[in-house]
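The values are calculated or read from the model by the stated rules, or taken from the named source; none is laboratory data. In this text, all values refer to a predicted model and were calculated from it rather than measured experimentally. Neighbour counts run over all protein chains shown; Cβ positions are idealised from the backbone, glycine included. The area values use the complete protein model at the heavy-atom level, side chains included, leaving out ligands, DNA and RNA. Shrake-Rupley method; radii C 1.70, N 1.55, O 1.52, S 1.80 Å.
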Amino acid sequence: MTGQRGDEPGPYSGLFGGVPDSYGYREVAAPKQVTVAAVVSAGLGAMCLLLAGLALTSAGGQISQVLTGSRGNTPVAVAAALVCAVIYLVPAFYIRKRYGWARYMLIAVAAMGIAGGLMALPASLLGLAIHATLLTLMLQRPTKLWFHHH
C-alpha cells in the first residue's frame, strides 16, 4: 500500500469497493443567462436599498417628490424603495439555487418594468433596456432547460 496513487488499484477500487458516483447525478452549473440575470437583479435591488437610504437623508423630500408626487411622503418613498429591493433581491438569491418560482418572479418583474418603461418614454430608456434584457435572459432556451431538468 505504500506509494499508492489515486489511479492505482487500492482498497476502494473495483466493482463493489469503488467510491459511488452519486448514481449518475451531477450538479449542472447554472447557464450564463441565469448568472447574468441574478447579478443584474441583485444590482437593481442594491440600487433600491441605496435609494431607500438616501430617502432618509436631506434628499428625502426630493426623492419623495419623484416617487410619490409629494415632498412630504418620505416614509412612503422609503417603503416603496424597500419593497422594490425585496422584489429584485429575493429572486436574485434564489434563482441560482434553481427555484422555478424565482424565475417566474423575475419574468413578472421584468414585464412590469417594461410596461412602466413604455409609459415613461423617453426618460426610461435605460430601465426599459435593463428589464427587456432580464426578460430575454429568463426566456432563453438554456435557462428554460436548466429549470425544467431539475
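For segment 115-133, filtered to residues that are in a helix (DSSP H, G or I) and open to solvent by 80 Å² or more (accessible area, probe 1.4 Å), the residue that is farthest from Ser41 (Cα to Cα) is Met119. Take Tyr23 and decide whether it is farther than 21 Å from Ile130 by Cα, of a type outside the set (S, T, N, Q), modelled with pLDDT under 95 and not in a loop (DSSP other than H, G, I, E, B). Taking the combined requirement at face value, the residue satisfies it. If I filter segment 52-70 down to residues being out of contact with any helix residue (DSSP H, G or I) (no Cβ under 7 Å at 6 or more places or on another chain) and β-branched (Val, Ile, Thr), which single residue comes out as most open to solvent (accessible area, probe 1.4 Å)? So, considering only residues that are out of contact with any helix residue (DSSP H, G or I) (no Cβ under 7 Å at 6 or more places or on another chain) and β-branched (Val, Ile, Thr), the one most open to solvent (accessible area, probe 1.4 Å) is Val66. Can we say Arg103 is among the charged types (D, E, K, R) and in a helix (DSSP H, G or I)? Yes. Can you pull out the residues in segment 134-150 that are under 20 Å from Ile87 (Cα atoms) and open to solvent by 70 Å² or more (accessible area, probe 1.4 Å)? Within segment 134-150, Thr136, Leu139 qualify. Listed by first and then second residue, the pairs linking a residue in segment 63-81 that is more than 19 Å from Met47 (Cβ to Cβ) and free of Cβ contacts under 8 Å to residues at least 24 places away in the same chain to a residue that is open to solvent by 80 Å² or more (accessible area, probe 1.4 Å) and in a helix (DSSP H, G or I), with Cβ atoms under 6 Å apart and 6 or more places separating them unless they lie on different chains, are Arg71/Gln65.
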